[in-house]
Structure formats: structure tokens, C-alpha cells
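Enquirer: Got a structure for you, written out below as C-alpha cells; questions coming shortly.
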Amino acid sequence: MSLLIVSRSGHYLRPTVSYISLLHVRPPQTRSLKTPPAYPGHIPLNWFENAFLAVGSAFMALSSPKRGDMVAALGETTAGLALPRLRDRMLESEEGRRILKERPRINSNTIDMNKLAQLPEGTFGHSYVTWLERCGVTPDTREPVHYIDDPELAYVMQRYRECHDFYHSLCGLPVSVEYEIALKFFEFANLGLPVAALSATAVVRLSSSKRSRLFSEYVPWALKCGSSARSLITVYWENRWNQNIGELKKELGIWDPPEPKWRKPLSEAKEAAMKRAMLHTPQ
């Protein structure tokens, strides 16, 4: 989820305001570029434009955490050699190669949440839907990739973004600031993307007590667990819905973080997931 974007009601928000409009320059589609787009939505940049966008998006992301588009731009312009390394990891495993070949997407159009809610409690799919209900979020908040030239590497970045909520669900972490930062440390240790570490600068927005707990309890867990776990970019999550979540965590080498504090009781989330399943069960 990148830097925290949470409303007062506890819902996750991700505004989509163009960085180009922020800088008051002409939109990319009106510019004369020698390099044609490599895929739909691609905006080719030269090295200077990439560096300028990286610095500007970093500043905006830190000063205004609600700028989800800035966090996305920062991730793309600072990815560097991290994306080729992640692609290589995917190519080394059968599951990862299938992901790169099939290029699945994660959103409410590609995933039947109602069917997942009907799965037995304790499965990964049911746990994921329960987590969504508990946090009041949807899988439809991910920014599309624009600034990565290679189409395959662009997909790797998109896959990283869209799988972020799976990590939340698997680790049992809410979407408030301290837990978002904890997961970013986990992602950096596991995947090595610079944006995960850069996003952790949001720690300055925490109170001293929350910051103390973050670094004394959650960061040690995140670094140790993230560095020892299997590279999560290689997991074909959509084929794991029916798997017991405990067995899945054991297979991936993930253990639970310190107990977090939730805004919404688990019982309410389970009840909401149950209602979703009952309403869509064939009579």
C-alpha cells in the first residue's frame, strides 16, 4: 500500500493526481518524444527526466503521504537494478515463470471475492477476504506503471504493487502508519526494492511511543523474517486460495509479527465475510 493513505473512517485511500500537472508542464502525451511507448500507459523518460521525477516525487510523497501517485512514481524511477533481479528470481522457479508467462492481474474484476468468502475458514483465500473486510479496503487501488521502459519489468513492478495486500493478510497487519512501515521494512528485506526503504521515512509522522515500539518490536521481526523467507514475488497467490494459511506461512518461512492493534474486531470482519458468502451461495 505504499505510504499510508487512511481516512478518518479507517478506509484506505489512493488519490490519483498527475505528477506532470503538479509541475505545470505539458502532459506527456503532447510532448514530442523519439521513443514510442512500449505498452499502454507507458511514458518514456530520458535520464534527466527520470532523475527529476525521482527527486520531485520523493519530496511530494514525504510532504503529502496521500499522494499515492507520487509514491508510485518514486518506486518506478528508483527501481534501478532491483527489478531485473526480481525477474531473475521469478525465472529461477517454475511458479515464477508461470506468473511471467500468464501475467495475472489482481483486482475485483479478476478475483471473485464472493467465492473466496465461501472457502473454509483458515484457507488463504478466506483469510484474505476477511482481512479486506476488516481493513475496509479493496484490491482496486493500485496505480498503473508508467515510467519503466521494459514491458516485462513493468509487469514485475505491477505485480509487486498488486500483491502488497497479500503480504498484509499473510502477516496479519492492519493498514495504519506503524504497521505499513513495518511491512515496508519486511518488503525491503525480502525484495530489495528501494521504494520500500524510502517509504519508511514516514516514520517521522509517528508519535514517540509508536516509533519506539516500531523499532524495538516490528523492525527486528520485519528484517529477520523478510530476509529469511522465500522471495514472495515468486508466489502465484491466485493458485493458493485453498491452501491452509498456516501451512502456506510455514512453506514460505514466514512467522507472525508482534500482536498489532486493530480498529475493527476480527469477529465483525468474519461476520461480514460470512454474509458475503451467504448472499452469493446458490440456492
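Enquirer: Once amide H atoms are built 1.01 Å from N in the peptide plane, which residues 5 or more positions from residue 173, or in another chain, come under 5 Å H to H?
Expert: Those lying under 5 Å, H to H, from residue 173: there are none.
Enquirer: At a Förster radius of 25 Å, what calculated FRET efficiency corresponds to the Cβ-Cβ distance of residue 150 and residue 197, to the nearest 0.05?
Expert: E(calc), rounded to 0.05, equals 0.65.
Enquirer: Another question, if that's okay. How far, in nm, would the chain grow between residue 238 and residue 212 when pulled straight, counting 0.36 nm per residue and subtracting the alpha carbon separation?
Expert: This chain segment gains 5.7 nm when fully extended.
Enquirer: Extending each Cα 7 Å along its Cβ direction at residue 107 and residue 46, get the distance between those two points in nm, one decimal.
Expert: Placing both labels 7 Å along Cα→Cβ, they lie 3.3 nm apart.
Enquirer: Now for a different question. Within a Cβ distance under 12 Å of residue 103, other residues only, what is the Lys/Arg minus Asp/Glu net charge?
Expert: Here the count lands on +1.
Enquirer: Per residue, how large is the accessible surface of the range 77-121? Use a 1.4 angstrom probe and give square angstrom.
Expert: About 60 Å² of surface per residue is accessible.
Enquirer: Additional query: What are the ³J(HN,Hα) couplings of the range 193-198, residue after residue, when phi is run through the Karplus curve with 6.51, -1.76, 1.60 and θ = phi - 60°? Round to Hz, x for glycine and proline.
Expert: Going residue by residue, I get 6, x, 4, 5, 6, 5 Hz, with x marking Gly and Pro.
Enquirer: So which of 184/249; 184/224; 184/261; 210/261; 101/184 end up more than 21 Å apart, counting from Cα to Cα?
Expert: Violating the 21 Å Cα-Cα cut-off are 101/184.
Enquirer: Carbon and sulfur: what percent of the range 119-158's accessible surface (1.4 Å probe)?
Expert: 54 percent
Enquirer: Report, in cubic angstrom per residue, the convex hull volume of the C-alpha atoms of the range 139-248.
Expert: 118 Å³
Enquirer: Please give the net charge around residue 162, taking every other residue with its beta carbon less than 12 angstrom from that of residue 162, where Lys and Arg add +1 and Asp and Glu add -1.
Expert: Summing Lys/Arg as +1 and Asp/Glu as -1 gives +1.
Enquirer: Which whole-Hz ³J(HN,Hα) couplings does the range 161-169 yield from phi under the Karplus relation 6.51 cos²θ - 1.76 cosθ + 1.60, θ = phi - 60°, glycine and proline marked x?
Expert: Couplings: 4, 6, 8, 4, 5, 5, 5, 4, 5 Hz.
Enquirer: Another question, then. When the chain is fully extended, how far beyond the present Cα-Cα distance does residue 205 get from residue 247, taking 0.36 nm per residue of separation?
Expert: Residue separation times 0.36 nm, minus the Cα-Cα distance, leaves 11.5 nm.
The values are calculated or read from the model by the stated rules, or taken from the named source; none is laboratory data. All figures in this text were calculated on a predicted structure; none of them were measured in a lab. All Cβ positions, glycine included, derive from the backbone under ideal geometry; neighbour counts span all protein chains shown. Only protein heavy atoms, including side chains, enter the accessible area calculation; ligands, DNA and RNA are left aside. Shrake-Rupley method; radii C 1.70, N 1.55, O 1.52, S 1.80 Å.
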